[in-house]
Amino acid sequence: MDWALFNFDGIMFLLRWGHFIFGIAWIGMLWYFNFVQGPFFAKAEAATKTEATKGLVPRALFYFRYGAMGTLITGLAIIGMKFGQAGSAGSALFNSSWSATILTGAIMGLVMWFNVWFVIWPRQKRIIASANGEKVENLPAMARRAFLASRTNTLLSVPLLFFMGAASHLTIRVEEGKVGLWLGIVAVIVGLIEANALLADKGPTTKPIEKVSGVIHYGLLLALVFYALSEVVLHH
Ligand code: HEM
């Protein structure tokens, strides 16, 4: 049958479609938490906050964490299928602008997925339990760490989307053998940003991500820095 969806490219397209849907659910919720709910909670009365934490937050967190899971799975599936299709030309594919950009976004996405499932969600579960009347130790420290991980994800979401979009729509010149080096540099920078969040207030600084305006401006700046650095490392 010569219908566009019923072949390899069609399946890849369906995976991409699923990927955007999950990605929008995830990042939409992330931005909602950071840009809408957080500033509202900061000023809301205690009773309003408890009510919302019991009824609204668990629903938002459901779409948030399964959005993250679906985005990662579909994203990795696209990468796997593309390399599978390339076969013995896999090394040429790895040394391409597509790989350099998509794997940059994937490193950021992987760290963000980790933050959702292993930093934010376990702590949010305790925060919800506390709103439901359970006695929970160390609540402020727990909330603070979840906040910093969530802000770090918001910061990384801006360069992540730059590199996701760049993969098929912006071609960066890549010299043979430079992609591995570039991805190593990305992993180190993203690792340092993540370590700063995980160390909570013991890291170098949380200043750029404390405020909504800060996280947006620094997110844009980070995207530009990563882009300029990629041009330098990949072909100079
Ligand atoms: C979690 C790790 C992620 C991985 C491994 C991943 C992987 C991928 C891959 C392989 C593509 C296909 C690129 C192409 O067709 O050339 C893609 C595209 C895309 N991804 Fe992701 N992605 C991740 C996270 C995200 C997130 C969080 C979002 C947020 C919405 C997102 C949004 C997009 C968009 C909009 C495209 C379409 C780009 C285009 O073709 O125009 N991705 N991603």
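The values are calculated or read from the model by the stated rules, or taken from the named source; none is laboratory data. Worth saying up front: this structure is predicted, and the values here are computed from it rather than measured. With ideal geometry, Cβ positions are generated from the backbone for all residues, glycine too; neighbour counts draw on all protein chains shown.
A few remarks follow.
- Sole exception among (1) exposed (fewer than 14 other Cβ atoms within 10 Å of the Cβ); (2) closer than 30 Å to A143 by Cβ for I27, by number: (1)
- Filter result for F62 (assigned to a helix (DSSP H, G or I), more than 16 Å from the ligand (Cβ to nearest atom) and within 18 Å of the chain's Cα centre (by Cα)): yes
- Of all residues in region 65-89 being among the hydroxyl-bearing types (S, T, Y) and more than 8 Å from the ligand (Cβ to nearest atom), the one that is surrounded by the fewest Cβ atoms within 10 Å (Cβ to Cβ): S88
- Residue check, T171 over 13 Å from A106 (Cβ atoms), buried (at least 18 other Cβ atoms within 10 Å of the Cβ) and not hydrophobic (A, V, I, L, M, F, W, C): no
- Take the conditions (1) surrounded by 23 or more Cβ atoms within 10 Å (Cβ to Cβ); (2) closer than 23 Å to G38 by Cα; (3) not small (G, A, S); F147 misses just one of them, which is (1).
- Considered as a group, the residues in region 90-102 that are more than 11 Å from the ligand (Cβ to nearest atom) and assigned to a helix (DSSP H, G or I) include one that is farthest from F8 (Cα to Cα), and that residue is A100.
- The criterion of at least 3 residues that are without any contact (Cβ under 8 Å) to a residue 40 or more places away in the chain and over 21 Å from N115 (Cα atoms) is met, among helices (runs of 4 or more DSSP H) falling completely within region 163-236, by 212-235.
- In region 27-59, the residues that are among the small types (G, A, S) and either touching a strand residue (DSSP E or B) at 6+ places or on another chain (Cβ under 8 Å) or not in a helix (DSSP H, G or I) (or both): A44
- Checking each residue in region 36-50 for being over 17 Å from Y63 (Cα atoms) and surrounded by 14 or more Cβ atoms within 10 Å (Cβ to Cβ) picks out G38, F41, A44, K49, T50.
- Cβ-Cβ under 7 Å pairs, at least 6 apart or on other chains, region 103-122 side more than 7 Å from the ligand (Cβ to nearest atom), far side of a type in the set (D, E, K, R): V111/E194; V116/R65; W117/R65; V119/R145; W121/R65
- Within region 25-59, the set of residues being within 14 Å of the ligand (Cβ to nearest atom) and hydrophobic (A, V, I, L, M, F, W, C) comprises A25, W26, I27, M29, L30, W31.
- Test for I79: is it under 12 Å from the mean Cα position of the chain (by Cα), at pLDDT 95 or above and either within 23 Å of V188 (Cα to Cα) or not charged (D, E, K, R) (or both): no
- Checking Y218 against (1) over 28 Å from I73 (Cβ atoms); (2) more than 17 Å from the chain's Cα centre (by Cα); (3) modelled with pLDDT of 95 or more, the condition it does not meet: (2)
- Candidate set: region 184-208, residues that are within 18 Å of G109 (Cβ to Cβ) and among the β-branched types (V, I, T); chosen: the one surrounded by the fewest Cβ atoms within 10 Å (Cβ to Cβ): V188
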